[in-house]
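The structure appears right after this line, and notes come after that.
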Amino acid sequence: MLASLEFSSVPDEDEAIRPVLRAFLDESLVHLPHDIRARSWMGHDPDFSRRLAAQGWVGMTLPTEYGGQGRSYFARFVVAEELLAASVPVGAHWVAERQSGPLILHYGTEDQRQFYLPRICRGEAFFCIGMSEPDAGSDLASVKTRAERTDGGWLLNGAKIWTTYAQVAHYMIALVRTSGSGADRQRGLSQLIVDLSLPGVTVTPIVDLAGDSHFCEVHFDNVELAADALIGVEGQGWQQCMAELSLERSGPERLYSSILVLDEWLAHLRDQGAPDDRTLALVGSLVGRLAVLRALSLALTAQLVRGERPEAAAALYKDFGTAFEQDLPALIADAIAAQPDIMPPDELMRTLAYATTMSPTYSLRGGTREILRGMIARGLGLR
């Protein structure tokens with residue numbers, strides 16, 4: 001697993017995207033306060049997503065015949081990194097662009113590609129992920145939500161939880177059981193595209209500590225789906241889901257969730273003049289960790305470019321990355337508290353308060369730390 005991670009850099013033609021995108025973002029963000037921008041890829045702004053799509057920055061790895069740009073994952077890395085570093089509200093299109101589109105491209109039928117992919121690239125079709133279930137924790141193999149075959153397609157019953165922005169998404173790609181029972185674990189699981197406007201779908205938002213409603217519980221009560229709701233091969237949902245999670249866990253969003261706090265704190269330190277040695281050591285430590293993790297994300301991106309699915313390595317990166325994201329606001333808060341005579345700007349403190357409140361969720365979304373470490377152990381041949 002580790003031997004396959006080689007140092008990689010972004011090709012020049014993909015780096016060329018940065019100045020154009022930065023100029024666009026400078027114009028777009030001038031009126032957004034930092035404590036609102038701190039929501040980053042959890043922020044939801046459909047109009048902004050459509051503006052990005054109009055520039056060709058949504059679904060850019062998808063083929064041109066489906067409305068994409070036919071660019072490599074390095075190009076997507078540049079766009080994702082710039083959007084996240086600027087902390088812009090990209091949550092509306094993020095899941096569809098990051099993983100639902102590539103999943104449909106790889107496993108879907110031609111009719112599914114023709115229908116969904118152009119809409120994703122235009123910022124008109126937003127997706128959510130239907131994996132976790134009530135009372136199941138992170139044990140995806142214990143899925144109980146069930147789809148039974150009917151004469152016209154599928155009949156869906158069950159529930160999903162912690163589904164980000166299900167209340168405003170158009171579609172869910174749900175991991176469901178189409179045969180067997182929970183005792184069969186990974187066998188008998190399939191992925192279905194669920195139109196969330198269908199009768200029998202009930203979406204209940206869950207309010208978090210920050211007062212936002214990112215997460216939802218979704219119930220399916222005899223939801224009738226067409227036969228073409230199935231993605232890929234029936235019974236191969238587990239393998240497809242694992243490939244999808246490689247895309248979710250390998251990107252720069254596992255580094256930059258708290259980055260605005262670091263930017264604001266560094267600006268505060270510059271305003272105060274030369275910091276003491278202890279503060280400088282902390283800055284060096286944080287920037288050093290960020291640089292190493294960014295290099296790891298680029299190595300994973302290179303594997304995606306080669307057509308590989310780095311499941312265990314992506315789990316390793318996600319574990320390290322979310323630890324950094326959680327440590328960052330806590331360490332900066334300690335540094336600020338160590339200098340009680342220096343009052344930081346209100347905007348920094350509001351941004352820090354939000355990141356501190358939300359940081360416990362970073363090691364939950366995309367797979368809990370315990371699940372990831374089991375995957376890493378298997379990748380190293382230890383389990």
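The values are calculated or read from the model by the stated rules, or taken from the named source; none is laboratory data. Predicted model, so just to flag it, every value in this text is computed and none were measured. When we count neighbours, we look across all protein chains shown, and the Cβ atoms used for this are built from the backbone with ideal geometry, even at glycine. For accessibility, only protein heavy atoms count, side chains too; no ligands or nucleic acids. Shrake-Rupley method; radii C 1.70, N 1.55, O 1.52, S 1.80 Å.
Remarks
- Packing, taken as the mean count of other beta carbons within 10 Å per residue, orders the peptides 277-283, 116-122, 314-320 from highest to lowest as 314-320, 116-122, 277-283.
- Expressed per residue, the C-alpha convex hull volume of segment 326-380 stands at 87 Å³.
- Averaging the Cα positions of each part gives two centres, and for segment 196-245 and segment 31-60 these lie 23 Å apart.
- Percentage of interatomic Cα-Cα distances in segment 146-295 larger than 23 Å: 55
- Protein-only accessible surface at a 1.4 angstrom probe places the residues SER297, SER72 in the order SER72, SER297, largest first.
- Principal-axis tilt of helix 259-272 within the chain, Cα atoms, nearest 10 degrees: 10
- Where MET172, MET343 fall by accessible area, highest first, once all protein chains stay in place (1.4 Å): MET343, MET172
- Within the chain, helix-based [θ] at 222 nm, where runs of 4 or more DSSP H residues each add -39,500 (n - 2.57), nearest 500: -14000 deg cm²/dmol
- Carbon plus sulfur fraction of accessible area for the chain, probe 1.4 Å, in percent: 53
- Taking the longest Cα principal axis of the chain as reference, the axis of helix 311-337 is set at about 40 degrees.
- Dipole of the chain, positive direction: furthest Cα of LEU198, SER142, TRP162, with charges on the beta-carbon: SER142
- Cα-centred dipole magnitude for segment 258-328, charges only on beta-carbon of K, R (+1) and D, E (-1), debye, nearest 20: 320
- Estimated distance in nm for a label pair at ASP263 and ALA377, the labels positioned 7 Å out from Cα along Cα-to-Cβ: 3.9
- Positive-end residue, the chain charge dipole about Cα centroid, Cβ charges, pick of GLY273, SER359, SER250: SER250
- Judged by the gyration tensor of its Cα atoms, with axes a ≥ b ≥ c, segment 198-268 is oblate; a/c meets the 1.5 cut and b/c is at least as large as a/b.
- Among TYR73, LEU260, ALA302 - extreme Cα towards positive end, dipole of the chain, charges at beta-carbon: ALA302
- Each pair of Cα atoms in the chain enters the Kirkwood radius, and Stokes-Einstein at 25 °C and 0.890 mPa s then converts it into a translational diffusion coefficient of 113 µm²/s.
- Rolling a 1.4 Å probe over the protein heavy atoms leaves VAL176 with an accessible area of roughly 0 Å².
- Segment 1-141 shape via C-alpha gyration tensor axes, a/c threshold 1.5: rounded
- The residues of the chain present an accessible area of 43 Å² per residue when probed at 1.4 Å with all protein chains retained.
- Cα-based shape type of segment 88-175, given that a ≥ b ≥ c are square roots of the gyration tensor eigenvalues and the cut on a/c is 1.5: oblate
- Length gained on full extension, SER179 to MET343, computed as 0.36 nm times the residue gap minus the Cα-Cα distance: 53.0 nm.
- Of TRP57, TRP154, TRP162, the order by accessible heavy-atom surface (1.4 Å probe, DNA, RNA and ligands excluded), from most exposed downward, is TRP162, TRP57, TRP154.
- Dipole magnitude of segment 169-246 about its Cα centre (Cβ charges: Lys, Arg +1; Asp, Glu -1), debye to nearest 20: 300
- Solvent-accessible area of LEU62, all protein chains in place: 0 Å² (probe radius 1.4 Å, heavy atoms, ligands and nucleic acids excluded).
- Only the Cβ atoms of Lys and Arg (+1) and of Asp and Glu (-1) were treated as charged; on that basis the dipole of the chain about its Cα centre amounts to roughly 860 debye.
- Compared with the dominant Cα axis of the chain, that is its longest principal axis, helix 73-85 is turned about 50°.
- Gap separating the Cα centres of segment 344-383 and segment 246-313, nearest whole Å: 13
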